[in-house]
Amino acid sequence: MGDVTVNVNNESKKKRSQLHDVWRRFRKSPIAMTGLCVVVFMVLVALFADVIAPSDGRNPGYDIHNLGNRFQAPNAEHIMGTDEFGRDIFARVVHGSRVSLLVGFIVVTFSMTLGVIVGAIAGFFGKVAENILMRFIDVLLSIPPILLAISIAAAMRPGMMSIVLAVGIGALPLYARVMRASVLTVKEQEFIEAAYSIGASKFRIIRKHVLPNCIAPIIVQATMGLAYAILWAAALSFLGIGIQPPTPEWGAMLSEGRMYIRDHWHMVMFPGMAIAIMIFALNMMGDGLRDAFDPRLKK
Amino acid sequence: MSNTLLEVKNLKKYFKTTKGMLHAVDDISFTINRGETLGLVGESGCGKSTTGRVVLRLLESTAGEVLFGGADVLAFNKKELRRFRENAQIVFQDPFASLNPRMTVAEIIGEPLVINKKTSNRADLYKRVIKLMDTVGLASRFENSYPHELDGGRRQRIGIARALALNPSFIVQDEPVSALDVSIQAQILNLMDELQKEFKLTYLFISHDLGVIKHVSKNIAVMYLGKIVEMSDYSSIFKNPLHPYTKALLSAIPIPRVDKKRERIILEGDVPNPIEPPPGCRFYGRCFCRKDICKDTDPELKQVSETRFVACHVAT
């Protein structure tokens, strides 16, 4: 018996793991790849901000005042011009990427971790746990993020922490809902029953069998969530309840430039462009990821 | 030591639905001796898979008793249940759905050993996984493959290896071949046969395919809508079915010859709704030899000879 039937699946030789498959589909989409390249470029800029815009020995690169050089339009020396203190806007935009990305990553990590835990517990255990947790999530959803941010900033000192809390709490329900939905479908599958039959504990089943099969939508959500977090962080800083000067933050820079917008367009133009490009790139990447994770969209 | 490994007494499993109680398994009893196979056959939705799951306590029963080697399975606490599951395993119907797509073949087969702390180091685990793969006829080069890379037959072998990992004495085979190609079915059935002899396994073999059941089991129980209607050794049930439902079922097996045609009994109507079924014989509405008594009185499963049981007012 045994080898009588030859059943070689030729296609199977090519693919290794599912993630490999996802990457292969992702690579095929020019839009997604453009997004990824821009994001990687932004991350590199953030990492090497001190090299691109070095300090003068006394002040950090973004805070070198030169009042004789105020309000310069873009020129060879200051390619994005200077602001009302004569600071180089290019240097500030470059350093600003650090703040924006850092805030984005912290917010995503914070809201994703909590959201995944809440969603997984609610979806897996159901009944009372689900009711309590999901109603709590509904309460969070019903609070306008701006209002929440203002109250948190009022209660604490405005700054990085208040942004992270405000935007993080605002984003948490999205992760929890996405997670709960995928846990609900995964937990009904037969391999979960198989895990019970070999004596696996509930904790092990969640960790080893449920979570790994739910990550795809969460990864997509996190990419989109990064864009959302950066945008909201900029908005809060624009309103003055986020990152405080002199720390360069794109939203805060917009806010400063707002007063001079009639005469010195470059002060809002460049930080605004930075925000737009970053969000656009992240969304393109997120779209591509979502398509790549869904094999049904295979062309 | 008694020869009986599994004894099921008056087992019931009802599901609560919005329309009422669904009687999935309704008062069934059977025994399986060590090293033997009981084939449980019936059409879709008759409760045969539910029976298998309740016996292993993957579902909690509504009433009844399950004795495994004399111990009451339904009364086991967490620790005892864990030990019981080392002894009683299950092979699932769908080899696509029953394997975690994110785990490699070796991880899936090794998981029971890791969970039950049967091995202390990686080298030993690896050795045992490779041995298990060899036992079920899987080449060791597949150890790092993912389930979706393999065909149905190989996937089902993974499922079997996982069930064997803890050296069980009893395996519920929940339609293990119905999702496979016919050519692969034979391979898997032969493998199960060999394993049964080698490891002295006891099977509860669930299937809707009488041809498959005939191949694997000495004893057969026919289920209809949550009840066992006939239970017998296989030679007499095929030669001389007693219950009208069994007769109809057997007449549906195709004969692979052109010149021979079996006289088919075509049943009329549909299977009645298992939600709050009326009293009387479950088969009453479709039976071709019903009597008045069948309408109101549910026939009990009665012994008619040493190895035969039937639940029918007419047949006995």
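The values are calculated or read from the model by the stated rules, or taken from the named source; none is laboratory data. All values reported here derive from a predicted model rather than from experimental measurement. When we count neighbours, we look across all protein chains shown, and the Cβ atoms used for this are built from the backbone with ideal geometry, even at glycine.
Could you tell me which residue of the range A:8-51 is modelled with the highest pLDDT, considering only residues that are of a type in the set (S, T, N, Q) and surrounded by 13 or more Cβ atoms within 10 Å (Cβ to Cβ)? Of everything passing the filter in the range A:8-51, A:34 is modelled with the highest pLDDT. Considering B:180, B:191, B:195, the condition of being part of a loop (DSSP other than H, G, I, E, B) and either farther than 19 Å from residue B:52 by Cα or of a type in the set (S, T, N, Q) (or both) is satisfied by B:180 alone. Only residues that are in a loop (DSSP other than H, G, I, E, B) and under 30 Å from the mean Cα position of the chain (by Cα) were counted across the range A:79-98, and they come to 5. Checking each residue in the range B:115-173 for being in a loop (DSSP other than H, G, I, E, B), in contact with a Pro (Cβ under 6 Å, 6 or more places away or on another chain) and buried (at least 21 other Cβ atoms within 10 Å of the Cβ) picks out only B:165.
Selection over the range A:54-78 of residues that are in a loop (DSSP other than H, G, I, E, B), under 22 Å from residue A:262 (Cβ atoms) and out of contact with any strand residue (DSSP E or B) (no Cβ under 8 Å at 6 or more places or on another chain) gives a count of 3. So which residues in the range B:58-90 are more than 9 Å from chain A (Cβ to nearest Cβ), among the β-branched types (Val, Ile, Thr) and within 21 Å of residue B:164 (Cα to Cα)? Correct list: B:73 only. Here is a list: A:225, A:240, A:251. Which entry is surrounded by fewer than 17 Cβ atoms within 10 Å (Cβ to Cβ) and in contact with a Ser or Thr (Cβ under 9 Å, 6 or more places away or on another chain)? Exactly one of A:225, A:240, A:251 is surrounded by fewer than 17 Cβ atoms within 10 Å (Cβ to Cβ) and in contact with a Ser or Thr (Cβ under 9 Å, 6 or more places away or on another chain), namely A:240.
Residues in the range A:146-160: is at least one under 16 Å from the mean Cα position of the chain (by Cα), at pLDDT below 90, buried (at least 18 other Cβ atoms within 10 Å of the Cβ) and under 17 Å from residue A:241 (Cα atoms)? Within the range A:146-160, one or more residues are under 16 Å from the mean Cα position of the chain (by Cα), at pLDDT below 90, buried (at least 18 other Cβ atoms within 10 Å of the Cβ) and under 17 Å from residue A:241 (Cα atoms).
Selection within the range A:206-215: residues that are out of contact with any Lys or Arg (no Cβ under 8 Å at 6 or more places or on another chain) and surrounded by fewer than 19 Cβ atoms within 10 Å (Cβ to Cβ). The member of this set that is nearest to residue B:111 (Cα to Cα) is A:207. Residue check: residue B:80 meets all listed conditions (1) within 24 Å of residue B:111 (Cβ to Cβ); (2) in contact (Cβ under 8 Å) with a residue 24 or more places away in the chain; (3) surrounded by fewer than 17 Cβ atoms within 10 Å (Cβ to Cβ) but one, namely (2). Looking at the range B:140-164, I want the residues that are within 13 Å of residue A:194 (Cβ to Cβ) and have a partner that is buried (at least 21 other Cβ atoms within 10 Å of the Cβ) and modelled with pLDDT under 90 with Cβ atoms under 6 Å, at least 6 apart or on another chain. Which pairs are those? From residues that are within 13 Å of residue A:194 (Cβ to Cβ), the pairs are B:155/B:95; B:155/B:147; B:156/B:95; B:159/B:95.
Counting the residues of the range B:130-140 that are within 13 Å of residue B:162 (Cα to Cα) and more than 14 Å from every other protein chain (Cβ to nearest Cβ) gives 2. A count restricted to the range B:52-75 and to residues that are assigned to a loop (DSSP other than H, G, I, E, B) and either among the acidic types (Asp, Glu) or closer than 23 Å to residue B:24 by Cα (or both) stands at 7. Restricting the search to helices (runs of 4 or more DSSP H) fully inside the range B:202-316 and requiring at least 3 residues that are surrounded by 17 or more Cβ atoms within 10 Å (Cβ to Cβ) gives B:210-216, B:244-251. Restricting attention to the range A:139-189 and to residues that are in a helix (DSSP H, G or I) and of a type in the set (S, T, N, Q), the residue that is farthest from residue A:249 (Cα to Cα) turns out to be A:185. Restricting B:175, B:143 to residues that are on the phi > 0 side of the Ramachandran plot and more than 11 Å from chain A (Cβ to nearest Cβ) narrows the list to B:175. Residues that are hydroxyl-bearing (Ser, Thr, Tyr) and modelled with pLDDT of 90 or more occur at least once in the range A:163-183. Each residue in the range B:176-194 was checked for being touching a Pro at 6+ places or on another chain (Cβ under 7 Å) and of a type in the set (Ser, Thr, Tyr), and 0 of them qualify. If you go through the range B:91-114 and keep only what is in contact with a Pro (Cβ under 8 Å, 6 or more places away or on another chain), within 9 Å of chain A (Cβ to nearest Cβ) and assigned to a helix (DSSP H, G or I), you end up with just B:108. Here residue B:123 fulfils each of the conditions (1) out of contact with any helix residue (DSSP H, G or I) (no Cβ under 8 Å at 6 or more places or on another chain); (2) within 9 Å of chain A (Cβ to nearest Cβ); (3) not polar (S, T, N, Q) apart from (2).
Residues of the range B:252-285 that are in contact (Cβ under 8 Å) with a residue 24 or more places away in the chain and closer than 24 Å to residue B:29 by Cα: B:271, B:272, B:274, B:275, B:276, B:277, B:281, B:282, B:283.
Here residue A:185 meets each of (1) within 13 Å of chain B (Cβ to nearest Cβ); (2) buried (at least 18 other Cβ atoms within 10 Å of the Cβ) with one exception, condition (2). So in the range A:250-268, with the set limited to residues that are farther than 18 Å from residue A:75 by Cα and among the aromatic types (Phe, Trp, Tyr), which one is nearest to the chain's Cα centre (by Cα)? Restricting to residues being farther than 18 Å from residue A:75 by Cα and among the aromatic types (Phe, Trp, Tyr), the top hit is A:250. The residues of the range A:193-219 that are more than 7 Å from every other protein chain (Cβ to nearest Cβ) and either within 14 Å of residue A:123 (Cα to Cα) or part of a loop (DSSP other than H, G, I, E, B) (or both), listed by number, are A:201, A:202, A:203, A:205, A:206, A:207, A:210, A:211, A:214.
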